[in-house]
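Comments concern the structure below.
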Amino acid sequence: MEASSGSTKQAAAAKDPSRRTFTEAARRAQIVNAAIEVIADAGYAKASFARIARAAGLSSTGMISYHFAGKDDLMREVVAEVSRVADAHVRPRMEERTGARARLRAFIEASVGLADAYPKHVPAMVDVLAHLRDDDPSRRDVLGTLESAADVQIERMREAQRSGEFREFDPRVMATAIRAAVDATVTRAGREPDFDAEAAGRELADLFDHATRRTER
């Protein structure tokens, strides 16, 4: 009966985060952060529970199995955590700026700056997403979030074009180019130990500022 009761509580806590105790939430966070470290350093294929347990300082893998139903469940939490961290890093920096040009610059610089602030997070997320099945809910959620964010960025570009702050161009093409450039730069940062993410973010922001702004003739 105790095992059944424990399993029931575990399942309930997994579905409803509000039912987790402070200790359970802290332990889950510890495991997720250890998983991010292991994936970034060793790769998804080698991110076994044994490696993650060692990185988290746990005595056995049983603690991971208690909090997560399996590797896929843990990987979904990794994706969710990286998404949360990225949003918390980028959004405030954009919101404190005024004007489309300043907000675009803040978005690019902050997005690239993630490589400095959280060097393991983005490489881990990229690796996890590459291994999740196409029909995995986490993969769909992340792709949906990225698509929604792109739609918002595209609409803001259109507003800036209507106000005269941006020149005429295809907003969707520009948003795709910005996302691809940021992703490539962050990936490069993960491979080059001496990479200057701050300088790269500033240069990339300069590039797209010139590409989008309206110039007087």
Rounded to whole Hz, the Karplus (6.51, -1.76, 1.60) HN-Hα couplings of region 174-186, x for glycine and proline: 5, 4, 5, 5, 5, 4, 5, 5, 5, 4, 5, 5, 5
Radius of gyration and maximum dimension Dmax of region 126-175, Cα, Å: 14.9, 43
Gaussian network model of the chain, Cα within-10 Å springs - most flexible of ASP134, ASP206, ASP151: ASP134
Estimated 222 nm signal from helices in the chain, with DSSP H stretches of n ≥ 4 weighted -39500 (n - 2.57), rounded to 500: -25500 deg cm²/dmol
Solvent-accessible area, 1.4 Å probe, carbon plus sulfur percent, for region 132-190: 51 percent
Average accessible surface area per residue within the chain, 1.4 Å rolling probe, Å²: 59 Å²
Shape call, region 17-89: gyration tensor on alpha carbons, a/c limit 1.5: oblate
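Note down the relative contact order for the chain as a percent, whole number, built from C-alpha pairs under 8 angstrom at least six residues apart.
21 percent
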Most mobile of ALA149, ALA124, ALA53 in a GNM of the chain (Cα contacts under 10 Å): ALA149
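Below 8 Å, C-alpha to C-alpha, sequence gap of six or more: please give me the relative contact order for region 95-217 in percent.
Relative contact order for region 95-217 comes out at 44 percent.
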Radius 14 Å from Cβ of ASP41, net charge of other residues (Lys, Arg +1; Asp, Glu -1): +3
Within a Gaussian network of the chain (alpha carbon springs, distance under 10 Å), most fluctuating of SER60, SER138, SER48: SER60
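What range in the chain is the longest one free of GluC sites (Glu not before Pro) that are in a loop by DSSP and have at most 11 other Cβ atoms within 10 angstrom?
Free of exposed loop sites, the longest segment is 1-95.
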ARG214 accessible area, assembled protein chains, probe 1.4 Å, Å²: 110 Å²
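The values are calculated or read from the model by the stated rules, or taken from the named source; none is laboratory data. Note that this is a predicted model, so its numbers are computed, not measured. When we count neighbours, we look across all protein chains shown, and the Cβ atoms used for this are built from the backbone with ideal geometry, even at glycine. Calculation scope for accessible area: heavy atoms of the full protein, side chains included, ligands and nucleic acids excluded. Shrake-Rupley method; radii C 1.70, N 1.55, O 1.52, S 1.80 Å.
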